[in-house]
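The values are calculated or read from the model by the stated rules, or taken from the named source; none is laboratory data. Everything numeric in this text was worked out from a predicted model, so none of it was measured. As a convention, Cβ positions derive from the backbone with ideal geometry for all residues, glycine included, and neighbour counts pool all protein chains shown.
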Amino acid sequence: MAQRSSSHRPQTQRNKPRIKSCDFCANGVKAIDYKNVQALTRYTSSYSKILPRRKSGVCSKHQRKLAMAIKRARFMALMPYTPRA
Amino acid sequence: MKHYELLYLVTTQVPETQLEAIQREISDWIEKQGGKITRHEAWGRKKLAYPVAKEKFGYYLLVEFDAEPSTILQLEGQLRLHKQVLRHMLVNKKPISAKELLQQELYMQRHQRRQVEALQRGAGADEKKALEKKEGKISLEELDKKIDELLDSDMIK
């Protein structure tokens, strides 16, 4: 087995790191701006899909707002629907 | 009266000199309906994430205004008919207080810092350590530059 960095204990597929809390809640974000593409791309996959909550750790309230913002940004051609071929 | 924010996309087929005319046209509509414009912003020519009406670039213009909700439908209709406006997004917006704005900025800063930390923890950590040993402490300005570069390359993917 390849040696990992000493500070981390080896993680199996089932023992994935737990996500602590919603980033937006922790920072008191009320409205998510659809024009801030840089922040939104963080919550999309490499296939430009919106990340599920289990991956991003966002709470349901903010996930709804986030999804709305990403969809708005897509419509305005600020963000892609699909990655460039 | 409600607060609205309108972002619209203008074709690059109109010359940049005519852009102001379109902007004035739309703000005139708003004002004619008794609206009050509070903010104007021109983002300039930007590359689109995907081609719209066979255009790869577009001008983005932003207007924030207060208006009666009953006039909004008419404005939407006019925007839809406008030949040079490819897309528009008209949304309700709560005017944010200075305190909230500050909070958002802080959030963005923290977010960036975390990204940098994650990068440093990643594959580049060993390299960086070796570098630091060689050069001793790198000046803050250099570090900032490096961070910018890393962030840029991350953005492009």
Of all residues in the range A:45-85 being within 11 Å of another protein chain (Cβ to nearest Cβ) and polar (S, T, N, Q), the one that is farthest from the chain's Cα centre (by Cα): A:Thr82
In the range B:26-57, the residues that are within 16 Å of B:His82 (Cα to Cα) and surrounded by 14 or more Cβ atoms within 10 Å (Cβ to Cβ): B:Ile26, B:Ser27, B:Trp29, B:Ile30, B:Val52
Residue within the range B:143-154 that is closer than 30 Å to B:Thr12 by Cβ, at pLDDT 75 or above and of a type in the set (S, T, N, Q) present: no
Those residues of the range B:10-24 which are part of a helix (DSSP H, G or I) and free of Cβ contacts under 8 Å to residues at least 24 places away in the same chain, in sequence order: B:Thr17, B:Gln18, B:Glu20, B:Ala21, B:Arg24
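Out of all the residues in the range A:32-50, which are over 14 Å from B:Met108 (Cβ atoms), in contact with a helix residue (DSSP H, G or I) (Cβ under 9 Å, 6 or more places away or on another chain) and either assigned to a loop (DSSP other than H, G, I, E, B) or touching a residue at least 60 places away in the same chain (Cβ under 8 Å) (or both)?
A:Tyr34, A:Tyr43, A:Ser45, A:Ser48
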